[in-house]
Each structure stands twice: as structure tokens, then as C-alpha cells.
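These notes are about the structure you will find just below.
The values are calculated or read from the model by the stated rules, or taken from the named source; none is laboratory data. Please read all numbers here as calculations on a predicted model, not as lab measurements. All Cβ positions, even for glycine, are placed from backbone atoms using ideal geometry, and neighbour counts span all protein chains on display.
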Amino acid sequence: MEYHLKTPLSIEDISPLRIGDIVYISGKVLTARDEAHKRILETPLENMPFDLDGSTIYHCGPLIQEKEPGIWQPVAAGPTTSARMSAMTPQLLKKHNVRMLIGKGGMDNVADSMKGKCVYLAYTGGCAALAVNSITKVCDVHWLDLGMPEAIWVLEMNEFGPLVVGIDTGGEDLFRNIREKVNENLEKALR
Amino acid sequence: MESGIKYEDIVQATVSAIQRAETELPDDVVACLENAEQEESSEIARSHLQAILKNTGIARRHSVPICQDTGIIILFVEIGRKLSPLPDIEQALIEGVMKATSAVPLRPNAVHPLTRINSGDNTGDGLPDIKYYLNNSEELRITAVPKGAGSENMSILKMLNPTEGDSIDRLVLETVRNAGGKPCPPVILGIGVGGSFDKAALLAKCALLEPVNDMDEKENALLKKVNSLGVGPMGTGGDTTALAVHIRTAHCHTASLPVAINIQCWANRHATAVIGGNGKWNII
């Protein structure tokens, strides 16, 4: 199935998605990787400078040029390896109603914590120039003291995709299924 | 006698080599990806490969980086023995990286390993990573290799027992299995066998610079095994887990067998500036 969704997302928006489905996303998307995750977990709710309710988090450390003070132009914005955020994700989802994670390469042991409330979508790694084509505006940036890649960039996106559903709200995990098959194939290959 | 190569020639040639490497994927890699897209049987895998080819075309046309992970910059520098004395090459290469950071532009990726403080210009202690070689020519060659972290993080080095040569295939397959979708497959595998602890790693890295399709029988056989795993592009399954396998060997101590596996994502970026003795240069 192919879906075209608009952020912010509700549980009803994401629950029909199944692993292997293709999704295109429009609306506001927030980038966050290692250091930003750490800070989100450390920051009390009342001190959060942005709202994560119904949000879509993109595991991405973009390359953005400051054309003039405060005017940002995206240059490259592909996904980073999501697995680095695996350990922090269950806590993130307990604290905030994040409805969609986008990244690359899959995540480890997070499917249970996502059940009924969040989906993980995989974008093609390295496709940074293609991703920039779907960014219509850089709306805001938070925590720039973490450095350009680690800051939270609020991006307005139009038909960002194709994204492959990697983990669905039923707890199914496409990457885990593939890993199981790969394990069987490995023994066959060495026979 | 002063060399005809000026300090500024080296700076500019370095900027241009980095610019080319970051924005134009070498033709042999593109051809390999196009071929994989034609032969891939999984629909999701084909969609990834199509996105990659589309992305590569946009980057080349608009001269923008292929990937936002513009890497750390590794520079292979070959110095011709017949050249007259050269200016301060090292400083010129460092300045080239700083200038490329704002000119291309590159993402500032260089941080202190423990404080994680970003230098802001892709230089720092030991960065760019410069490797010098001598040859008998009358030219200076600077090969820029931007290396992203996604694939580098999945690379391994193991000191095997000397009698474990037969287990290298297993080590390679397990490494690719463990890496899954994380290093952005389809990958290219550089394998260094022998030498020493650090030599094996360098052999593996240099193997990544070989023409993609130039593989011998042993390398082709291992490629076939790797692709039988079914990891597929981005780890979502398919026939194309690797585009190539390149193995380099060196003699080693009778009591050791170092093996390094350097994983390279599909964006196998590199470009070379060739500077003649008269200071004129071009990018190949």
C-alpha cells in the first residue's frame, strides 16, 4: 500500500500502516540525533522549547547553510543510522507522544515500546540531495550549541519519500524479519 | 631550485578534488548501481536503488554533496621524486580542507573524541588524515576520500590465528550480517589480509579505491556469497547487498594473521587532483 500523510499525526493516521508499505510525508518534521535525544531526555517537560505531541522525528544531521543571519538554506539532509538512537527511544516515547520516527538501517529492540503509538520508517541512506528537494522551508532551529548536525531543525516538507514502513504499531519489524532470513542464508552460504 | 608548484596550487587543487569527490559519484560506481537496479528482484530494493540513482543525478547536476555525511577527509598524497623541492604541503592540504568546508560546503564533522567539541572546519589533531607516498613521477597527486561514519562504524579488524585462513569468508559474512542496513548497503567491501595491526586496515582502505568491477575469481566468489545473504539495499532485503569485494594482501609475521574489513557505503566517493611540475593541475 502507498500512503500520503500530513503531520502532526494521530494514532488513527499511523495505525493502518504495515511493514513494507510506502509512505510520503508532508508538513513539519523535526531532526534529532544522538546529542538531541540525550538533551530531550534530560529536559523537564516545562522547559522544552518545542512541542513533540503528534510529532515526526527524522534521524538526520543536515548540512544547512546560513545565507544571511537567521536565513537557512538546506544543502543536504539524508538520514543517519537510527540504531544509535535505539537505547534512548523507549524513554523518549514514554515521555513524549512522538508518532513517527524516520531514519535508516532499522532499530534494535524498540518494536515493543512502539506498539500502539509510533511507527518507524526507513528512508534510503545517502539520498541527501533528493531529500532536500522535498524541504520547502527551514522553519526553526533549536539547540544550535550542539553543533549543526546535532541541533534540532524544524523542516517543512512536501511529499518526503518514498519511505518504507520498517516497524508498525502492531510490533512487526521488517528489519528483524530480514535479519532472521539472513541468519539462515549465512549458514547455507558457508556449507 | 624552487619547484614550479606553488603553495596556492596545492590549496586550490585540494579544494577541487574534495568538491569533485563530494558531488560526483565515479562513473564506474554509477554503472554498477544502474546494473544492480536492472537485475534486482525485490520491489522495495529497486525503489531504494532508484532513489540512489536519482539522488546521484541531482548531486552531479547541481554540484551539491551526494550525502549530508560529507565524511572526514582522507588524503592520499603521492609525491614524485623528480619534482623540485615543494612548499609546505601539509599546511596547504589543511588549508584546502578548511576552504572546501565553506566552498562546497561540507558539514563540519570533526570533533574532539571525548569532549565532542566540533572544530567547525573539518580539521583537528590528525585531521585531515594525510597519507604520503613516494613514486618516480614528476607530478603531485592528491586523492580526496571523504569517509562517512555509517559504514566506517561497521568495519572490523581481527587478529586471527595463523591457521585460521579458512575462516576469513565466515568473518566477512558475519560482519556483513551484523552490519545489516546500518552501513547503507549496497556496500563495497575492502579486505586487508596480512601485514600488521595497522597495515591490514590500510590495505582494506586502499582496496576500496580500486575500480569497482575489477575483481578476480576469488573476489567474485566471495561477492556471490555476500549477496546470497539477502540483506539487500538499506537492509530491507534483496539481491544487492554488495556491489564489489576487493582483497589486498601483504606478507605478515609467521605467528599472526591480521584481517581488516573496511565497509564502504554505496557512495564510494573519491577524486584525484594531478598537479604537474609546472603547477598546472586537473582532476581525474
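Structural remarks
- If you go through the stretch B:157-174 and pick out every residue that is polar (S, T, N, Q) and either within 11 Å of chain A (Cβ to nearest Cβ) or closer than 22 Å to B:LEU33 by Cβ (or both), you end up with 1.
- Sole exception among (1) touching a residue at least 24 places away in the same chain (Cβ under 8 Å); (2) within 13 Å of chain A (Cβ to nearest Cβ) for B:THR101, by number: (1)
- Which numbered condition B:ARG170 fails, given (1) assigned by TED's automatic domain parsing to the domain that holds B:CYS252; (2) touching a strand residue (DSSP E or B) at 6+ places or on another chain (Cβ under 6 Å); (3) surrounded by fewer than 17 Cβ atoms within 10 Å (Cβ to Cβ): (2)
- Whichever residue in the stretch B:118-156 is away from chain A (no Cβ under 14 Å) and acidic (Asp, Glu) and, among such residues, is nearest to A:THR80 (Cα to Cα): B:ASP129
- Test: residue in the stretch A:120-129 that is touching a strand residue (DSSP E or B) at 6+ places or on another chain (Cβ under 6 Å), more than 9 Å from every other protein chain (Cβ to nearest Cβ) and buried (at least 18 other Cβ atoms within 10 Å of the Cβ): yes
Matching residues to (1) at the interface with chain A (Cβ under 9 Å from one of its Cβ atoms); (2) surrounded by fewer than 18 Cβ atoms within 10 Å (Cβ to Cβ):
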| position | (1), (2) |
| --- | --- |
| B:VAL29 | no, no |
| B:SER41 | no, yes |
| B:ILE44 | yes, no |
| B:THR56 | yes, no |
| B:GLN68 | yes, no |
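- Of all residues in the stretch A:55-79, those that are closer than 14 Å to A:MET107 by Cα and within 7 Å of chain B (Cβ to nearest Cβ) total 0.
- Note on the stretch A:1-38: residues that are among the basic types (Lys, Arg), crowded, with 18+ Cβ neighbours inside 10 Å and in a helix (DSSP H, G or I) total 0.
- Meets criteria (acidic (Asp, Glu) and outside the structural domain of B:PRO108 (by TED's automatic domain parsing)) for B:GLU37: yes
- Options A:LEU146, A:LEU155: the member that is within 14 Å of chain B (Cβ to nearest Cβ), crowded, with 23+ Cβ neighbours inside 10 Å and either within 25 Å of B:VAL64 (Cα to Cα) or among the polar types (S, T, N, Q) (or both): A:LEU155
- Summed over the stretch A:67-96, the residues that are touching a residue at least 12 places away in the same chain (Cβ under 8 Å), farther than 15 Å from A:GLU35 by Cβ and among the hydrophobic types (A, V, I, L, M, F, W, C) give a count of 6.
- Candidate set from the stretch A:48-89 (those that are farther than 22 Å from B:MET154 by Cα and among the hydroxyl-bearing types (Ser, Thr, Tyr)); member that is surrounded by the most Cβ atoms within 10 Å (Cβ to Cβ): A:THR56
- Only listed residue being of a type in the set (Gly, Ala, Ser) and part of a loop (DSSP other than H, G, I, E, B), chosen from B:SER41, B:SER16: B:SER41
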